[in-house]
1. Is there a residue in the stretch 137-155 that is closer than 21 Å to LYS74 by Cα, surrounded by 17 or more Cβ atoms within 10 Å (Cβ to Cβ) and out of contact with any helix residue (DSSP H, G or I) (no Cβ under 9 Å at 6 or more places or on another chain)?
2. Kindly establish whether GLU277 is more than 12 Å from the ligand (Cβ to nearest atom), in a loop (DSSP other than H, G, I, E, B) and of a type in the set (Asp, Glu).
3. Pairs needed: first member in the stretch 256-270, under 21 Å from GLY246 (Cβ atoms); second member anywhere, among the polar types (S, T, N, Q) and surrounded by fewer than 21 Cβ atoms within 10 Å (Cβ to Cβ); C-beta distance under 9 Å; at least 6 residues apart or different chains.
4. Kindly indicate which of SER288, SER307, SER363 is within 34 Å of the chain's Cα centre (by Cα), modelled with pLDDT under 95 and of a type in the set (Ser, Thr, Tyr).
5. So, in the stretch 207-220, how many residues would count as being in contact with a Lys or Arg (Cβ under 8 Å, 6 or more places away or on another chain) and either surrounded by 23 or more Cβ atoms within 10 Å (Cβ to Cβ) or part of a loop (DSSP other than H, G, I, E, B) (or both)?
6. Only one of GLU140, GLU78 is in contact (Cβ under 8 Å) with a residue 24 or more places away in the chain and of a type in the set (D, E, K, R); which?
7. Could you grab me the full set of residues in the stretch 325-338 that are touching a Phe, Trp or Tyr at 6+ places or on another chain (Cβ under 8 Å) and more than 12 Å from the ligand (Cβ to nearest atom)?
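The values are calculated or read from the model by the stated rules, or taken from the named source; none is laboratory data. Note that the structure is a prediction, hence the values are computed from the model and not measured. As a convention, Cβ positions derive from the backbone with ideal geometry for all residues, glycine included, and neighbour counts pool all protein chains shown.
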Amino acid sequence: LSSQPTFDTTIKRRKTRPVKVGNVTIGGGHPVVVQSMINEDTLDVDGSVAAIRRLHEIGCEIVRVTVPSMAHAKALAEIKQKLIKTYQDVPIVADVHHNGMKIALEVAKHIEKVRINPGLYVFEKPNPNRTEYTKVEFDEIGEKIRETLEPLVISLRDQGKAMRIGVNHGSLAERMLFTYGDTPEGMVQSAIEFIRICESLDFHNLVISLKASRVPVMIAAYRLMVQRMDELGMDYPLHLGVTEAGDGEYGRIKSTAGIATLLADGIGDTIRVSLTESPEKEIPVCYSILQALGLRKTMVEYVACPSCGRTLFNLEEVLHKVREATKHLTGLDIAVMGCIVNGPGEMADADYGYVGKTPGYISLYRGREEIKKVPEEHGVEELINLIKADGRWVEP
Ligand code: SF4
């Protein structure tokens with residue numbers, strides 16, 4: 001076997017610069033960071049502290065909080081202090097809108113990262129008869145954006161903090177829409193315009209996102225962004241997400257279709273799954289995507305056959321029992337296979353196997369080696385004993 005050719009199946013991640021957000025680093029080869037956003041009112045300081053803590057305790061590494069007014073900025077400062085005193089210093093991102101430069105400057109003093117949406121930096125007056133922008137008009141607005149953004153960029157730069165340039169397909173500025181269309185190109189141009197302003201002020205702690213609610217649009221935008229950044233010699237990390245993915249099974253599938261496709265290409269340094277459910281529900285989806293792609297291993301990997309006419313026990317029931325007994329472990333691969341015919345071959349990479357042997361009996365495997373045959377009713381218990389004997393068990 002050792003002479004057989006090998007093939008490296010690990011995902012080669014795009015090289016990006018490390019961007020520090022408090023005690024977490026995005027990019028620079030660090031594990032893909034999981035983040036989410038609380039939906040409490042920021043003015044509810046205790047409620048927000050509790051929500052951030054709940055998310056952080058289940059693996060949300062950076063938490064976003066909305067800051068629509070100066071009162072919210074002050075409340076977020078309080079939230080941050082309370083977290084430090086009563087729990088720990090969780091990295092916080094403040095979501096700030098264009099008309100809130102004073103808010104952004106205030107909140108930037110207290111938290112680690114500010115998210116801005118270029119599409120909301122609108123200076124043009126609404127004019128239903130307008131069909132285009134001349135280059136002069138386009139550049140004049142660009143200059144106003146620069147003047148508006150500059151103090152925030154300087155503040156974040158001088159404090160060693162970060163910014164997310166978060167473009168949304170649904171809120172592109174009119175001049176971008178007229179010039180580049182409602183397209184991934186418009187999204188990319190919008191991000192690049194803001195990156196250039198930051199770069200001209202020697203600020204590079206940037207994370208870029210180009211979210212859309214349509215998966216093909218989102219995928220195209222990120223791919224185009226990577227191509228453009230490569231051409232321009234930019235190495236900013238990317239924050240992936242599908243906006244308004246909805247809820248339930250389809251919301252999860254839609255998010256996975258967009259996020260995992262890009263991650264599999266090596267694109268993406270931090271992810272958020274946006275569900276119309278409580279944010280706690282987003283975190284396991286994030287970790288499952290990362291685990292399925294082999295990017296982060298945070299739970300037991302279960303390999304199980306779909307069952308068929310050869311299956312020798314109730315596979316669904318046994319898989320459930322095995323999962324319940326072992327789900328607190330980390331770093332293990334456990335296979336549950338209905339029969340011996342294809343079983344051991346199919347589960348060759350697993351650390352342990354639970355395989356139907358003959359009616360009423362199962363076999364336990366360590367890797368490819370069959371360890372013992374036991375009556376089915378003792379199967380799960382004996383599997384645990386085997387893991388214990390190998391010193392790989394921890395009490396739940
Ligand atoms: Fe059927 Fe056996 Fe394959 Fe499971 S491992 S699907 S029981 S043949």
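1. If we filter the stretch 137-155 for residues that are closer than 21 Å to LYS74 by Cα, which is where we start, we get 149, 151-155.
From what's left, surrounded by 17 or more Cβ atoms within 10 Å (Cβ to Cβ): 149, 152-153, 155.
Applying the additional criterion that residues be out of contact with any helix residue (DSSP H, G or I) (no Cβ under 9 Å at 6 or more places or on another chain) yields none.
No: the stretch 137-155 contains no residue that is closer than 21 Å to LYS74 by Cα, surrounded by 17 or more Cβ atoms within 10 Å (Cβ to Cβ) and out of contact with any helix residue (DSSP H, G or I) (no Cβ under 9 Å at 6 or more places or on another chain).
2. Numbers: more than 12 Å from the ligand (Cβ to nearest atom): yes; in a loop (DSSP other than H, G, I, E, B): yes; of a type in the set (Asp, Glu): yes.
Judged against the criteria, GLU277 is a match.
3. Filtered contacts from the stretch 256-270: THR256/SER288.
4. On the way: SER288 fails: modelled with pLDDT under 95; SER363 fails: within 34 Å of the chain's Cα centre (by Cα).
Criteria check complete, one pass: SER307.
5. Step one: filter the stretch 207-220 for residues in contact with a Lys or Arg (Cβ under 8 Å, 6 or more places away or on another chain), giving 207-209, 215, 218.
So of that shortlist, the ones also either surrounded by 23 or more Cβ atoms within 10 Å (Cβ to Cβ) or part of a loop (DSSP other than H, G, I, E, B) (or both) come out as 207-209, 218.
Summing the residues that are in contact with a Lys or Arg (Cβ under 8 Å, 6 or more places away or on another chain) and either surrounded by 23 or more Cβ atoms within 10 Å (Cβ to Cβ) or part of a loop (DSSP other than H, G, I, E, B) (or both) in the stretch 207-220 gives 4.
6. Values: GLU140 fails: in contact (Cβ under 8 Å) with a residue 24 or more places away in the chain.
Of the residues listed, the single one that is in contact (Cβ under 8 Å) with a residue 24 or more places away in the chain and of a type in the set (D, E, K, R) is GLU78.
7. We begin by selecting, within the stretch 325-338, every residue touching a Phe, Trp or Tyr at 6+ places or on another chain (Cβ under 8 Å); these are 329, 332-338.
The answer is LEU329, LEU332, ASP333, ILE334.
So that you can scan it fast, the table gives a plain yes or no per residue for (1) over 30 Å from ALA257 (Cβ atoms); (2) assigned to a strand (DSSP E or B); (3) of a type in the set (D, E, K, R); (4) under 20 Å from the mean Cα position of the chain (by Cα):
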residue	(1), (2), (3), (4)
LYS109	yes, no, yes, no
ARG115	no, yes, yes, yes
GLU137	yes, no, yes, no
THR148	yes, no, no, no
ARG164	no, yes, yes, yes
